[in-house]
Amino acid sequence: MRGRGGVAIVGIGTAGFGRMADESVASMADRALAAALDDSGLGRRDIDGLLVHIGSPRGLDYDEIAALLGLEVGYALQTWSHGRFGATVIATAAMALEHRLADCALCVAAFKRRSGRVVGEVTGVVRW
């Protein structure tokens, strides 16, 4: 949300961390959004920017998230589907707000770790 002389993070929400095999990515994103909106005092209608970290196949792409969460956004961005873009999403949201591409931006990282081996994975490590 744009404030005087810059932008501010006004709400944070999480669905928690752990094994959530029976819960969909959309349900986790919805719970986290509800918590962030409660924290900020804003409503879903206030959100006009959406920035997604980790889309398909481990998560949901920005258009699916917008539809499933009931958001109508004018600005959207999605980063690559691996783990080093969390800070990039937040920085890009700040730039979008500062340059008036959106008034209230939602940054989302909703995904599940895939099963199976990952290239470069160390054996003997507990898998989620």
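The values are calculated or read from the model by the stated rules, or taken from the named source; none is laboratory data. Keep in mind that what you see is a predicted model, and the values were worked out from it rather than measured. Using ideal geometry, Cβ is built from the backbone for each residue, glycine included, and neighbour counts are taken over all protein chains shown.
Assorted remarks:
- If you go through the stretch 16-30 and keep only what is out of contact with any Lys or Arg (no Cβ under 8 Å at 6 or more places or on another chain), modelled with pLDDT under 90 and surrounded by 13 or more Cβ atoms within 10 Å (Cβ to Cβ), you end up with Glu23, Ser24, Ala26, Ser27, Met28, Ala29.
- Test result for Ala34, at pLDDT 90 or above and within 13 Å of the chain's Cα centre (by Cα): yes
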